[in-house]
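Step one of this worksheet: look at the structure below.
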Amino acid sequence: MSTIEPQTVPEGPPTPSDETPESQPVTGWGDRIFSSAAFGAGLLILLVLAAVFVFLAVQGAPGTHQAASVYGPYATNFWSYAGKLLFGTALAAVLAMLIAVPFALGLALFISHYAPRRLAVPVAYVIDLLAAVPSVVFGLWGGRALTHASLPVQHWLNQHLGWFPLFGGTPSSTGHTVFIAAVVLSIMVIPITTAIAREVFQQTPKLLEEAALGLGATRWEMIKYAVLPHSRSGVVAGAMLGLGRALGETMAVAMVLNGNPLVSIRILTTDSPATIASNIANEYKNEDPHMQSVLIATGLVLFVFTFLVNFAARTIVTRAERRLA
Amino acid sequence: MAKSIDVSDVNIYYGDFLAVQGVNMSIRAGAVTAFIGPSGCGKSTFLRSLNRMHEVIPGARVEGKIVVDGQDLYGPGIDPVAVRRTVGMVFQRPNPFPTMSIYDNVLAGSRLNAKKIKKADADEIVERSLRGANLWQEVKDRLGKPGMGLSGGQQQRLCIARAIAVQPEILLMDEPCSALDPISTSAVEDLIHQLKDDYTIVIVTHNMQQAARVSDDTGFFNLKATGEPGHLVEFNPTKKMFANPDDPATEAYISGRFG
């Protein structure tokens, strides 16, 4: 434990103006080391990103024009193959977000505004711990335990809500369905989205909260008037990070799902659309170099897709911010 | 309708810390009552206990009776949310809702009270409140613009418009001019003079000239000693308070000899 004492500051003016000309900023060793380290780190990230892109493009290029048999039996050319996988990826991710985002926001609000402190702190801690669980563990749990345990739920949904296309068709008897994959994904999305939402909720200015309370707002009305508008962009950012995880998650989906590149929105049946990442994991053992290049090309598709989704989300957020300014 | 407030034996706590002790006073209906005193003497804390905003802070609580219109605000079964709808509040720094237009800011409180408001009624409330806050002429052509685009003084009058839009019985003001320039301050003071016909106004101020200018009654709060709770030293008509105070401590404070 150390305390900063004002006495340690040297006496007199800290920067005598006659020694440093005004045009030149004051720099010491620390400044130079820090600025070059920061610059280097930023450059390195860009280089790594570019290197990954080049690797995927070069290695994947042959994968876009292979014989039709390589893409079979569900597709005949690369674009339909990749398109179907992309559909599966988006379907699982969207379903996961539909489950995770309301949960995460509710949890974050509970921690930031509803729970008494002695409850809020442990709950927040447990949720953070959830983020540290490796995805293989979630995959094991989802594939071995949750699939069986959830069969009654899946059958119930199919029987009573079967008229809704998502829940229609003949339900799977094993439970290895997109539905369960989405549930497992949502559990993996919740910690990160919750953590960020909680952070921005807690940063709502007291002044605005009191403005609402002073008008006679209930706690929920105060949240609606002050907390949510203030946190909107932060919540979107948190959801985007979660979406990134859901789109790219490999092991958990691969272990839950026996997926194939096909298009089906019946998430309780055995016709499970594979996701790009889980498909790569499942097919990578295949030694065929033609198949390998196809897989790498699908990796590039995922890379570009994730990038576009993030870009779109950021554009929406900045536009919303600018409209308010 | 303006209402009087009767305060008896009020103690205010932050957790175990007694911040304000033993306050008794009668605040007249349709008058302006000012609280003055040095920083940290509990005048803002006491003001916030008048509409149960004090207890928003975790661990904060109030003992004693604060009676408005024959009803104890701290009685059993009294909903703090309902109290705050009849006792409005204006804060130290202007705090319009940043994502709302001027129009929606004024209506914010009304929309809490009644779920649906007809467009014609809403227009009427907005115009009446903005006129009441002396802001109508300045903003009537840009009601759809964000409230944050106004100057500090205009924002504060917007907050006053928002508070009176729900027609409270009492209006509390916590140093409403401390973040404003002299011209905006004078606009708000003029407004306070007009508002007291319809509302009971209680204002906390650091500026003794302001207390002398706007108020009918004045309460002087002080600390007994450093670390001791704040208490009400003297409560008298403003004229008497500034000309011939009962308590020597009040005179010392007002004449600038301490505080």
*Which of (1) more than 14 Å from chain B (Cβ to nearest Cβ); (2) in contact with a helix residue (DSSP H, G or I) (Cβ under 6 Å, 6 or more places away or on another chain) is the odd one out, the single condition A:Gly168 does not satisfy?*
(2)
*Restricting the search to segment B:1-25, which residues are under 19 Å from B:Pro58 (Cα atoms) and either of a type in the set (Ser, Thr, Tyr) or not in a strand (DSSP E or B) (or both)?*
B:Tyr13, B:Tyr14, B:Gly15, B:Asp16
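Kindly check whether there is at least one residue in segment A:66-80 that is under 27 Å from A:Lys224 (Cβ atoms) and either in contact with a Phe, Trp or Tyr (Cβ under 8 Å, 6 or more places away or on another chain) or in a helix (DSSP H, G or I) (or both). Reasoning before the result, please.
Of segment A:66-80, the ones under 27 Å from A:Lys224 (Cβ atoms) are none.
No, every residue in segment A:66-80 fails to be under 27 Å from A:Lys224 (Cβ atoms) and either in contact with a Phe, Trp or Tyr (Cβ under 8 Å, 6 or more places away or on another chain) or in a helix (DSSP H, G or I) (or both).
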_Give me the residue from segment A:273-286 that is more than 22 Å from the chain's Cα centre (by Cα) and part of a loop (DSSP other than H, G, I, E, B) and, out of that set, surrounded by the fewest Cβ atoms within 10 Å (Cβ to Cβ)._
A:Lys285
*Looking only at segment B:171-183, decide whether some residue is modelled with pLDDT of 90 or more, over 30 Å from B:Gly70 (Cα atoms) and among the polar types (S, T, N, Q).*
no
*asked:* Go through segment A:260-272 and report how many residues are in contact with a helix residue (DSSP H, G or I) (Cβ under 6 Å, 6 or more places away or on another chain) and either of a type in the set (Gly, Ala, Ser) or at pLDDT 90 or above (or both).
replied: 1
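Taking the options B:Val126, B:Val166, name whichever one is over 27 Å from B:Gln209 (Cβ atoms) and in contact with a Ser or Thr (Cβ under 7 Å, 6 or more places away or on another chain).
Values: B:Val126 fails: in contact with a Ser or Thr (Cβ under 7 Å, 6 or more places away or on another chain).
From the options B:Val126, B:Val166, the qualifying one is B:Val166.
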*All positions within segment B:229-252 that are surrounded by fewer than 16 Cβ atoms within 10 Å (Cβ to Cβ) and outside any helix (DSSP H, G or I)*: B:Pro237, B:Asn244, B:Asp246, B:Asp247
*Is segment A:226-237 home to any residue that is in contact with a Gly (Cβ under 6 Å, 6 or more places away or on another chain) and either of a type in the set (S, T, N, Q) or more than 13 Å from chain B (Cβ to nearest Cβ) (or both)?*
no
*Filter segment B:48-69 for residues that are surrounded by fewer than 21 Cβ atoms within 10 Å (Cβ to Cβ) and either under 20 Å from B:Phe235 (Cβ atoms) or out of contact with any His (no Cβ under 9 Å at 6 or more places or on another chain) (or both) and give the result.*
B:Glu55, B:Val56, B:Ile57, B:Pro58, B:Gly59, B:Glu63, B:Gly64, B:Lys65, B:Val67, B:Asp69
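B:Thr218 - would you say it is over 30 Å from B:Tyr103 (Cα atoms) and part of a loop (DSSP other than H, G, I, E, B)?
Against the criterion (over 30 Å from B:Tyr103 (Cα atoms) and part of a loop (DSSP other than H, G, I, E, B)), B:Thr218 does not qualify.
I'm trying to understand the selection: among the residues of segment B:39-86, which are among the aliphatic types (A, V, I, L, M) and away from chain A (no Cβ under 14 Å)? Write out each step before concluding.
So the first thing to find is which residues in segment B:39-86 are among the aliphatic types (A, V, I, L, M), and the list is B:47, B:50, B:53, B:56-57, B:60, B:62, B:66-68, B:73, B:78, B:81-83.
Residues satisfying the conditions are B:Val62, B:Ile66, B:Val67, B:Val68.
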*Contacts under 8 angstrom Cβ, first residue in segment B:64-92 being at positive phi and in a strand (DSSP E or B), partner at pLDDT 90 or above and not basic (Lys, Arg), 6 or more apart*: B:Gly64/B:Val7; B:Gly64/B:Ser8; B:Gly64/B:Asp9; B:Gly64/B:Val10; B:Gly64/B:Asn11; B:Gly64/B:Val23; B:Gly64/B:Tyr74
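Go through segment A:220-253 and give me each residue that's aliphatic (A, V, I, L, M) and under 20 Å from A:Ala131 (Cβ atoms). Quick ask: steps written out before the conclusion?
Filtering segment A:220-253 down to residues aliphatic (A, V, I, L, M) leaves A:222-223, A:226-228, A:235-237, A:239-241, A:243, A:246-247, A:251-253.
Hits for segment A:220-253 are A:Val235, A:Val236, A:Ala237, A:Ala239, A:Met240, A:Leu241, A:Leu243, A:Ala246, A:Leu247, A:Met251, A:Ala252, A:Val253.
Looking only at helices (runs of 4 or more DSSP H) that lie completely in segment B:93-152, which have at least 2 residues being under 21 Å from the mean Cα position of the chain (by Cα) and away from every other protein chain (no Cβ under 14 Å)?
Details: elements: B:102-113, B:119-132, B:136-139.
Filter on segment B:93-152 gives B:119-132.
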*Of the numbered conditions (1) touching a residue at least 40 places away in the same chain (Cβ under 8 Å); (2) in a helix (DSSP H, G or I); (3) among the basic types (Lys, Arg), A:Arg266 fails exactly one; give the number of that condition.*
(2)
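In contact (Cβ under 8 Å) with a residue 40 or more places away in the chain and surrounded by 24 or more Cβ atoms within 10 Å (Cβ to Cβ), is that true of A:Ala252?
Numbers: in contact (Cβ under 8 Å) with a residue 40 or more places away in the chain: yes; surrounded by 24 or more Cβ atoms within 10 Å (Cβ to Cβ): yes.
In short, yes.
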_Can you tell me which of (1) assigned to a helix (DSSP H, G or I); (2) surrounded by fewer than 16 Cβ atoms within 10 Å (Cβ to Cβ) is the one A:Trp163 doesn't meet?_
(1)
*Return the total of residues in segment B:70-96 being exposed (fewer than 14 other Cβ atoms within 10 Å of the Cβ) and either of a type outside the set (A, V, I, L, M, F, W, C) or within 15 Å of A:Leu213 (Cβ to Cβ) (or both).*
7
*asked:* Conditions first: (1) at pLDDT 90 or above; (2) under 20 Å from A:Phe307 (Cβ atoms). A:Gly106 passes all but one, so which condition is the exception?
replied: (2)
*Matching option when the condition is in a helix (DSSP H, G or I), free of Cβ contacts under 8 Å to residues at least 12 places away in the same chain and under 18 Å from A:Asn279 (Cα atoms), among A:Gly83, A:Gly139*: A:Gly83
*Test B:Ala29 against the criterion of being touching a residue at least 24 places away in the same chain (Cβ under 8 Å), crowded, with 16+ Cβ neighbours inside 10 Å, more than 14 Å from chain A (Cβ to nearest Cβ) and under 13 Å from the mean Cα position of the chain (by Cα), and give yes or no.*
no
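The values are calculated or read from the model by the stated rules, or taken from the named source; none is laboratory data. Keep in mind that this is a model prediction, so the values were computed, not measured. In this analysis, Cβ positions are derived from the backbone assuming ideal geometry, glycine residues included, and neighbour counts consider all displayed protein chains.
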